[in-house]
Amino acid sequence: MYLKKSLSLLKFLFLTLIKSVLFTSLISFIVYCLLYICPDSDSFIGGEKLKEYDFSIDFSAHGLSEVNQKNIVTDFPFVAGEYAQWLLNAITLDFGVRNDDQEEISSFIFDDLIVTLKFVGLAIIVALFISILFLFASRFSMLSRCIVQPFLTLSFFHVVLIYMLLEHIGLNMNFIVIFSLAVGSGVLYDYYTLLSDEHHSIIEKDYSSFALNAGYNPYIFASKEMQLQLISITASRIPIVFGGMILVEVFSGGGKYAGIGFRIWESLRGYPDYGVIFSATFVSILLFTTIFLIAERQRINLINLRD
């Protein structure tokens, strides 16, 4: 029985990874095509193709530039071939090199991602802890009126604004970043509201009421459904907190909080490094596609459990 469940889990993870790669490849190809026609992108894609064009003509006299000669329709086979080669290399974790110092992109892109995910994960845990605490505190009208509701109002402030306010107080910077992500831009309010609604929905079900009337703990009977719902809600918050972390990275100027968001922002300034930008975007899309598919599977399991 245990072996069967393990094999089923491995099969699910493998199929999820395949679906994530396919979806990410499709979305990334669209981005790749857009990058091809961007100015100064020939260092990343199309450098060889540009050699075929005749630059002896003075295009500037006609208000044109070299990039106007790129045509995504006629050059589509070339672009598709270049992307296929890039994708094959990416599968082996070869994302190319950075323009300025020729450093391998793979040597820092995953470290950047870990920095971002570390703070995102901690913020999710803090938001979950506060939400559960408020869920039980809201049973008491005085606590709900004097503490829970005023604190939830703070969540309507933008994450950057909360970061700025706390920064001027002089608190620990790690605490400021995590707290801002956990509370700001409606994250905590949405998290608490979703948990509260699902909690009341599950507790009011017949089997929970029966357990309570029979003298049993209703949370024991509803534990599986609550766990699945908690996973689904948590997964849905991750992209929002991730977006907030990117804003904090950029606003803080990087430093120890320089994650994948700041890497993209830094690569956009001056002479854009499209190789770094595209690689970071690809990895981010792949990550969140995988998270979405896993959360969707849990949602389906929840529906089947309810039926």
message = From the phi angles alone, apply the Karplus equation (6.51, -1.76, 1.60; θ = phi - 60°) to region 249-266 and give each ³J(HN,Hα) in whole Hz, x where the residue is Gly or Pro.
response = 4, 5, 5, 7, x, x, x, 6, 9, 7, x, 6, x, 5, 4, 5, 4, 5
note = Descending packing, highest mean Cβ count within 10 Å first, for 254-265, 72-83 is 254-265, 72-83
ask   = What ranking do 114-123, 272-281 get when scored by the average of other Cβ atoms within 10 Å per residue, highest first?
value = 272-281, 114-123
inquiry  = Could you tell me which residue out of 255, 292, 108 lies farthest along the dipole of region 97-307 toward its positive end? Charges go on the beta carbon: Lys and Arg +1, Asp and Glu -1, centred on the Cα centre.
reply    = 292
note = In Å³ per residue, the alpha-carbon convex hull of region 97-307 encloses 128
query = Treating the beta-carbon of each Lys and Arg as +1 and of each Asp and Glu as -1, no other charges, what is the dipole magnitude of region 97-307 about its Cα centre, to the nearest 20 debye?
reply = 600
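Computed from the coordinates by the stated procedures, all read-outs in this text should not be read as laboratory data. Only a predicted model underlies this, so the values are computations on that prediction, with no experimental measurement involved. Every residue, glycine among them, receives a Cβ derived from its backbone with ideal geometry; neighbour counts consider all protein chains shown.
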